[in-house]
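The values are calculated or read from the model by the stated rules, or taken from the named source; none is laboratory data. What you see is a predicted model; the values in this text were computed from it and never measured. Note that each Cβ is placed from the backbone with ideal geometry, even for glycine, and that neighbours are counted across all protein chains shown.
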Amino acid sequence: MKPYLLIFSLLVAFARADANIESANKLYETGKYSEAVAAFNTVLDGGNKSAEVYYNLGNSYFKDKKLGLAILCYEKALKISPRDADIKYNLDFARSFIKETAVADAASKIINAIYYFLTINELCVILSLIFILLMGLIIYRLFKKNELSYWLTFSFSILFGILFVFSSMRIVENENTKTAIVTSASVEAKAAPIESNPASFTIPEGKKLYIINTRQDWVEILLKSENMKGWIKKDTISEI
């Protein structure tokens with residue numbers, strides 16, 4: 001394809017995507033929430049998986065009284081843009097409609113806020129910049145062996161090591177841990193993946209949980225704040 005044809009095609013695609021978002025926003029503003037949900041999902045299917053689209057889809061689901069799906073979208077939006085105040089506010093507001101059995105203490109909230117303040121991509125960029133700076137300091141020290149170059153090299157080596165370990169922890173956690181949101185009205189968790197087993201406890205719609213095992217149509221889940229495990233049907237949740 002010729003370069004100018006490629007550019008023209010891209011411009012048309014971007015214009016069409018903007019038109020779809022504008023159409024979805026108008027449906028939301030006029031109170032047609034079900035239609036807005038469908039429209040925003042069409043935008044996602046078209047490849048625009050931005051925080052803004054997930055946020056607006058979450059708003060549409062919330063107005064359409066689908067709490068679990070609304071929280072799912074807010075969580076996805078927050079994963080992309082972890083410091084967006086509007087996303088955080090709406091997510092917290094939606095969570096207030098969930099029947100929580102345990103509340104995280106203030107210390108846990110502060111630790112989590114610090115731990116997840118930066119995205120993995122942002123951590124990698126910072127780590128790369130510190131590495132480049134550290135290499136520069138090492139080269140500089142080969143020619144200028146003074147006390148200042150020693151302490152700068154030592155300090156940035158420690159900083160690089162700490163940030164490397166921290167980034168590795170986040171990457172491993174992201175790769176190995178799957179989180180999900182309950183999107184059904186409520187879910188009965190069982191002690192084993194057997195339909196005839198009695199329910200051990202009930203999980204409300206919108207609750208965030210961690211997937212630790214999968215067996216056919218069942219998943220073993222963990223509720224961290226309550227320290228409770230159980231098996232539920234896979235089709236009652238959606239991964240973040």
**Message:** Under 6 Å between Cβ atoms, which residue pairs at least 6 apart in sequence (or on different chains) link something in segment 196-218 that is in a strand (DSSP E or B) with a partner that is among the hydroxyl-bearing types (S, T, Y)?
**Reply:** T202/S186; P204/S186; Y210/T179
**Asked** Taking into account only those residues within segment 56-79 that are without any contact (Cβ under 8 Å) to a residue 60 or more places away in the chain and either under 14 Å from K207 (Cβ atoms) or in contact with an Asp or Glu (Cβ under 8 Å, 6 or more places away or on another chain) (or both), which is surrounded by the fewest Cβ atoms within 10 Å (Cβ to Cβ)?
**Response** L78
**Request:** Examine segment 156-175 for a residue that is assigned to a helix (DSSP H, G or I), over 29 Å from K79 (Cα atoms), out of contact with any helix residue (DSSP H, G or I) (no Cβ under 8 Å at 6 or more places or on another chain) and β-branched (V, I, T), and state whether such a residue exists.
**Result:** no
**Prompt:** D235 passes all but one of (1) under 23 Å from G68 (Cα atoms); (2) surrounded by 12 or more Cβ atoms within 10 Å (Cβ to Cβ); which number fails?
**Reply:** (2)
**Asked** Hey, L152 hits all of (1) aliphatic (A, V, I, L, M); (2) within 19 Å of I132 (Cα to Cα); (3) at pLDDT below 90 but one; which does it fall short on?
**Response** (3)
**Cβ pairs under 6 Å, 6+ apart, first in segment 220-231 and assigned by TED's automatic domain parsing to the domain that holds P193 and more than 15 Å from T177 (Cβ to Cβ), second hydroxyl-bearing (S, T, Y) and at pLDDT below 90** = E226/T101; G230/S200
